[in-house]
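For reference, the structure is listed below as structure tokens.
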Amino acid sequence: MASSCPECGANVGVGNKPMAGEIVQCPDCGTELEVKNLQPLELAVAPAEEEDWGE
Amino acid sequence: MASSCPECGANVGVGNKPMAGEIVQCPDCGTELEVKNLQPLELAVAPAEEEDWGE
Amino acid sequence: MIVVKVGGSAGIDREAVAADVAALSAQGERVVLVHGASAETDRLSELLGHPSRTVVSPSGQQSRRTDRRTLEIFAMAALGIETFSYVELLRRHGANGVGVFGALSGPRKHVRAREGERVVVLRDDYTGKVERVDARALAALLESGAVPVLPPLAVSDDGEGLNVDGDRAAASIAAALAADTLVILTNVPGLLRAVEDTGSLLRQVSVEEAETFAQGRMKKKAMAAREALAGGVRRVQISSAQLDRPVRRALEGAGTLVG
Amino acid sequence: MIVVKVGGSAGIDREAVAADVAALSAQGERVVLVHGASAETDRLSELLGHPSRTVVSPSGQQSRRTDRRTLEIFAMAALGIETFSYVELLRRHGANGVGVFGALSGPRKHVRAREGERVVVLRDDYTGKVERVDARALAALLESGAVPVLPPLAVSDDGEGLNVDGDRAAASIAAALAADTLVILTNVPGLLRAVEDTGSLLRQVSVEEAETFAQGRMKKKAMAAREALAGGVRRVQISSAQLDRPVRRALEGAGTLVG
């Protein structure tokens, strides 16, 4: 399965069984993308990595 | 079983199977007494009746 | 300044109450929210394998048996579910809800209960009555723009949590803060002349009439009204929590005006 | 003014900590108590049939998976057991403990976790970071003589409760209130050069050294120390909660001084 990168429009492959919320990297612009939706496959720029958690 | 009234010293009967915390009235002075202890049987003046409770 | 008491029975729409309190707060009104916890306590008690038990006082009044384990479950439900939810919902509607526990103090009560033919004093019963309100702390929170949210939980001077009646706690808070109005929201339209007939709403009653007509839990609300009015609160309104904008409807006269 | 953070792991003697805080308060010291909730949350999660789960961040850090049900259980444990107990115990030792929920605000975090070979963003994770402290409300409570007791719970602007790190929350509170000292009490003597050797206590370290030696949960405490010192707090002491009078021992130099 594949979809287009929201940043640069390149074609981004996500393997055959992507998971909701999965992080993938755009092969062209390198932006970290998140699988927002599975049917139809939709990608969005992933939120920034956070270094910390709760209790 | 019986014990003496802490107020007036009269002999107060509490039946054969008193319960801890049970309220009994002194036959002489009428004071409300509480079974504070079972072995040995001990009576004390009962706290005043409260009209209200929680949630 | 308004003190709003909302019941803890099932079927109360917390968000409707929170949204209404938030709107009043946004208009500059100072509001303290006091809530119940009975339904959530019953549910949690069941889940934790310590089902709620009822005791009957010599005068026939039913109430929750509050041994130490029940008190602990009561605290989890009152603070951890009800207070927690109201603070979330107030924030969702733009108000600075702040849950507060420890502002209410009072003695543990020597509760009597019927055991068959006998009457016993329940020594391990964590039920109490509010005798002191930390008005300074609550006023300070109100001053800072917060909407204090309080569970029906007090603390004894020996450092024991106590299950207290929410209506009477709200009355004590209203008196201590010299509030203008105490609004008691419940799951019935107000004080009914005939309990089973929700059409028999009494729009205005004296305290004596309130205590005469009140049945079951409404008795506590009549008692709370008496105590609030005696404490200088100008107005007590008992109304339904099910209305749209329930607090403002009560302020506009919905339900029963006592006093 | 002192902010005391005490851990939520099993084996913490709450009464020893509460008695010590009460003694400081009696001497006129202003104290805010922030506590953890991990052990009680794990136990309650088990009892309620929603056992705790751990997730691993891409960098290998372990943490509690906090879906909505876990957050609700976390609130019951943090507010309904820990905050409740500390307010009881502070009162027992003569201090006016007041549990406060809603003074900490911040955004929900986009948490990433490893799922097998992949990395996913956890959309329904109620974990957050404290970005704002209602210093006015806390200062007002301190002014009124209260000892505020806070759980590791914040609220997002959308009105969602959030599981936050207690150490870093305490650092934010200490900075917001311009506290002199942040005392972090935990179940180890302090920062150890070698984790398995409790004799290898480091008595004083720079923030950089702290972050170098810290392992596992101690990393959070080192991070909290950095944030407190950067926020103007003059002193951070990480010490054991197991000592007699643990807070005062820390103030007298027990454990590790950071900064």
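Over region D:146-243, Cα pairs under 8 Å with separation of 6+ residues give a relative contact order of 35 percent.
Here the peptides B:18-31, A:5-18 are ranked by packing, the mean other Cβ count within 10 Å, and the order with the highest first is B:18-31, A:5-18. Its relative contact order, with pairs defined as Cα atoms under 8 Å and 6+ residues apart, puts chain D at 22 percent. Does chain B come out rounded, prolate or oblate by the C-alpha gyration tensor, with a ≥ b ≥ c the root eigenvalues, rounded set by a/c under 1.5 and, if not, prolate when a/b is larger than b/c and oblate if not? Because a/c hits 1.5 or more and a/b fails to exceed b/c, chain B counts as oblate. Taking other C-beta atoms within 10 angstrom as a stand-in for reagent exposure, C:Ser52, D:Ser59 fall in the order D:Ser59, C:Ser52, fewest first.
Starting from region C:118-212, pick out the trypsin sites (Lys or Arg not before Pro) whose DSSP state is loop and whose Cβ has at most 15 other Cβ atoms within 10 Å. Of the trypsin sites (Lys or Arg not before Pro), the ones in loops of region C:118-212 whose Cβ has at most 15 other Cβ atoms within 10 Å are C:Arg123, C:Arg193, C:Arg203. Ordered by the count of other Cβ atoms within 10 Å of each Cβ, fewest first, C:Arg14, C:Arg234 give C:Arg234, C:Arg14.
Charge dipole of chain D (Cα centre as origin; +1 on each Lys and Arg Cβ, -1 on each Asp and Glu Cβ, all else neutral): 260 debye, rounded to the nearest 20. The residue among D:Ala175, D:Val119, D:Ala19 whose Cα reaches farthest toward the positive pole of the charge dipole of chain D, with charges on the beta-carbon of Lys, Arg, Asp and Glu, is D:Val119.
Charge tally around C:Thr181: other residues with Cβ under 9 Å, Lys/Arg +1 each, Asp/Glu -1 each, net +1. Exposed loop positions in chain D were taken to be GluC sites (Glu not before Pro) whose DSSP state is not H, G, I, E or B and which have at most 12 other beta-carbon atoms within 10 angstrom. Between these positions, the longest stretch is D:1-116.
Dimensions of the protein assembly as shown from C-alpha coordinates, computed as largest minus smallest value along each principal axis and given longest first, are 95, 62, 44 Å. Using the rule -39500 (n - 2.57) for each DSSP H run of four or more residues, divided by the residues of the protein assembly as shown, the 222 nm mean residue ellipticity is -8000 deg cm²/dmol. Debye-formula intensities of region D:95-208, expressed as log10 I(q)/I(0) at q = 0.14, 0.23 Å⁻¹, are -0.78, -1.18 (one equal scatterer per alpha-carbon, no solvent). The relative contact order of region B:2-45, computed from alpha carbon pairs under 8 Å that lie at least 6 residues apart in sequence, is 36 percent. Legend: mean number of C-beta atoms from other chains within 10 angstrom of residue C-beta atoms, peptide D:130-136, equals 2.
Net charge dipole, region C:58-105: roughly 60 debye, given to the nearest 20, about the Cα centre with Cβ charges of +1 for Lys and Arg and -1 for Asp and Glu. With q set to 0.17 Å⁻¹, the log10 of I(q)/I(0) for chain C, from the Debye formula over equal scatterers at the Cα positions, is -1.39. Cα-based radius of gyration for region D:72-157, normalised by 2.2 N^0.38 Å, reads 1.38. Hydrodynamic analysis of region D:174-259 uses the Kirkwood radius over alpha carbon pairs. Inserted into Stokes-Einstein at 25 °C and 0.890 mPa s, it gives a translational diffusion coefficient of 196 µm²/s. Hey, if you put +1 on the Cβ of every Lys and Arg and -1 on every Asp and Glu Cβ in chain A, which of A:Ala2, A:Leu43, A:Gly21 ends up farthest toward the positive end of that dipole? The Cα lying farthest towards the positive end belongs to A:Ala2. Each residue of region D:175-190 is assigned a 3J(HN,Hα), and the resulting list reads 5, 5, 9, 6, 5, 6, 9, 10, 9, 10, 9, 9, 9, 10, x, x Hz, derived from the Karplus form 6.51 cos²θ - 1.76 cosθ + 1.60 (θ = phi - 60°), x at Gly and Pro.
Each Lys or Arg adds one and each Asp or Glu subtracts one; over the other residues with Cβ under 14 Å from the Cβ of B:Ser3, this totals -4.
Neighbour counts of C-beta atoms inside 10 Å place C:Phe213, C:Phe84 in the sequence C:Phe213, C:Phe84, starting with the fewest.
Each value in this text was obtained by applying a stated rule to the coordinates, not by laboratory testing. Treat the numbers as computed from the prediction; the structure is a model and nothing was measured. Cβ sites come from the backbone with ideal geometry, for glycine too, and all protein chains shown count toward neighbours.
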